[in-house]
Amino acid sequence: EFSNWQSVKLGAGVRTIDITKKGRYIFACVNNESKISVIDAISMKKISEIVVASFPVGMALSPDETQLIVTSQGKSATPNSGNTITVYEVVYN
């Protein structure tokens, strides 16, 4: 039984997550706030945020982890929102 769980608050509507192969970084879609949060998986601290098209729901790292592909849904209450696929270059420090 594991009881030492850690968490990090990212905002309203966290949806899809993806993690790098070595488990160092976590990427999370924050749907209601139209952003992607990047978390250091060791410290569980948010290290970056990326503003994205409203409202991100799907996401995946490319096999070589150099691109982050994000899909954003449209909402009828928000004209001209979402309905996009965006590819971001990922640069690790």
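Quick look at the values:
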read-out	value
Average accessible area per residue (Å²) across segment 5-53 - probe 1.4 Å, nucleic acids and ligands excluded	61
Rh by Kirkwood over Cα pairs, then Stokes-Einstein D for segment 12-93 at 0.890 mPa s and 25 °C, µm²/s	192
Relative contact order, percent, the chain [alpha-carbon distance under 8 Å, six or more residues apart]	19
Order of exposure, largest accessible area first, which applies to Glu49, Glu65 with probe 1.4 Å	Glu49, Glu65
Lysines whose Cα lies under 17 Å from that of Lys46, excluding same-chain neighbours fewer than 8 positions away	Lys9, Lys35
Net +/- balance of residues flanking Ser54 in space, Cβ distance below 11 Å, scoring K and R +1, D and E -1	+1
More than 15 Å apart - percent of Cα-Cα pairs taken over segment 43-91	52
Share of carbon and sulfur in the accessible heavy-atom surface of the chain [1.4 Å probe, %]	52
Accessible surface ranking that places the most exposed of Val38, Val51, Val87 first, with a 1.4 angstrom probe	Val51, Val87, Val38
Summed residue charge, Cβ within 14 Å of Lys75's Cβ, Lys/Arg positive, Asp/Glu negative	0
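The values are calculated or read from the model by the stated rules, or taken from the named source; none is laboratory data. Bear in mind the structure is a predicted one, so any value in this text is a computation, not a measurement. Glycine gets a Cβ as well: all are built from the backbone with ideal geometry, and neighbour counts include every protein chain shown. Please note that ligands, DNA and RNA were not included when accessible areas were found on the heavy atoms of the full protein model with its side chains. Shrake-Rupley method; radii C 1.70, N 1.55, O 1.52, S 1.80 Å.
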